[in-house]
Amino acid sequence: MDTLSKIKEIVNKYDLEEGLNKTNIPFVKVFKSSNSSEILQSVYEPSLFLILQGSKKVMVGDKIFEYDSSSYFISSTHLAVSGKTVKASKDKPFISLQIAFKEDEIFQALNEFSLAINKINSTNFSASIYRLDNDLKDCVFRLLSLNKIDIDALSKLYLKEILYRLLVSNQNKELQQLAFIESNSYKISKAITLINENIYDNFLVDDIAKEVNMSISSFHKNFKIVVGISPLQYIKKIKLQEAKRLMTLENMDISGASFYVGYKSCSQFSREYSSYFGMSPSKHIKSLRD
């Protein structure tokens, strides 16, 4: 049995439900889908994504990525994406693995392993697809094979090993460009953190640019390069995602959720929600609960 099949065997022991599933490891999740027609809107956190069964298309702005079990998708910052499983059925559902990490963990890996990497002066998009090699598969397998009693002590060490592999393989510029605090990519990443931490506030994009010590024009230009969409588009999408979460998990009503994430007009919120998710808030939330 090859390593990927062994990983899938471990994952299948979780008795997966449709959608996102938690695992024993806090930063590892599994996504399952038996439907290959629906387009889902979501926000990716910095993560490594492996497909164990099927294939997927990910759209970010005008960029399209399609990958399967022979490759992996890497994102070094938060991204508002549209995703569609290409091959999925009830008999053979799509199954993917998400291993999330934080920026600080990238820096720790760089320092601990004394990695000497060339300074990347250019700003690059924060996500890409690479071929999945045996070294990375072995790292992921060791992480998922941990006994419950060892997870607290060892899981972060295994994550560090995964980050090491990502940093040294393929000259992964998506992660490497964050290694220099004066780089535009680093500043944009910090801006995204500021936006996410203040999701309920109504703030000006220009204020965020000043906070990360960038000119307004440079901020807008580099934000779109790194994230694939403009700052205003990103802010709108994460607010709508948070409103969806409040309505589904916190049982908040439409007007309450719209006000909570900063909308002054409930009708404007409903219009933008319908445009983003493809149906009205009431219909969407009902379908998700059902």
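Structure above, values below:
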{"read-out": "Which listed residue is of a type outside the set (A, V, I, L, M) and outside any helix (DSSP H, G or I), from SER128, SER185, SER189", "value": "SER128"}
{"read-out": "Filtered residue count, the stretch 256-270, keeping only those that are within 25 Å of GLU197 (Cα to Cα) and either exposed (fewer than 13 other Cβ atoms within 10 Å of the Cβ) or not hydrophobic (A, V, I, L, M, F, W, C) (or both)", "value": "9"}
{"read-out": "Members of the stretch 221-243 found to be under 13 Å from ILE199 (Cα atoms) and touching a Leu at 6+ places or on another chain (Cβ under 9 Å), listed by number", "value": "TYR234"}
{"read-out": "Verdict on PHE49 being assigned to a strand (DSSP E or B), under 13 Å from the mean Cα position of the chain (by Cα) and either surrounded by 16 or more Cβ atoms within 10 Å (Cβ to Cβ) or basic (Lys, Arg) (or both)", "value": "yes"}
{"read-out": "Any hit, the stretch 165-180, residues being of a type in the set (Val, Ile, Thr) and either within 18 Å of ASP104 (Cβ to Cβ) or part of a loop (DSSP other than H, G, I, E, B) (or both)", "value": "no"}
{"read-out": "Matching residues in the stretch 71-114 - criterion: being touching an Asp or Glu at 6+ places or on another chain (Cβ under 7 Å) and part of a loop (DSSP other than H, G, I, E, B)", "value": "SER76, HIS78"}
{"read-out": "Test: residue in the stretch 147-164 that is assigned to a loop (DSSP other than H, G, I, E, B) and either modelled with pLDDT under 95 or closer than 20 Å to TYR186 by Cα (or both)", "value": "yes"}
{"read-out": "Number of positions in the stretch 16-58 that are basic (Lys, Arg) and without any contact (Cβ under 8 Å) to a residue 60 or more places away in the chain", "value": "3"}
{"read-out": "Among the residues listed as ILE254, ILE235, ILE225, the single one being in contact (Cβ under 8 Å) with a residue 24 or more places away in the chain and more than 25 Å from the chain's Cα centre (by Cα)", "value": "ILE254"}
{"read-out": "Candidates LYS264, LYS239, LYS221 - the one that is at negative phi, among the basic types (Lys, Arg) and in the same structural domain as ILE195 (by TED's automatic domain parsing)", "value": "LYS221"}
{"read-out": "Subset of the stretch 115-135 [within 21 Å of LEU4 (Cα to Cα) and either among the aromatic types (Phe, Trp, Tyr) or modelled with pLDDT of 95 or more (or both)]", "value": "TYR130"}
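The values are calculated or read from the model by the stated rules, or taken from the named source; none is laboratory data. A quick note: this is a predicted structure, and the numbers were derived from the prediction, not measured. Using ideal geometry, Cβ is built from the backbone for each residue, glycine included, and neighbour counts are taken over all protein chains shown.
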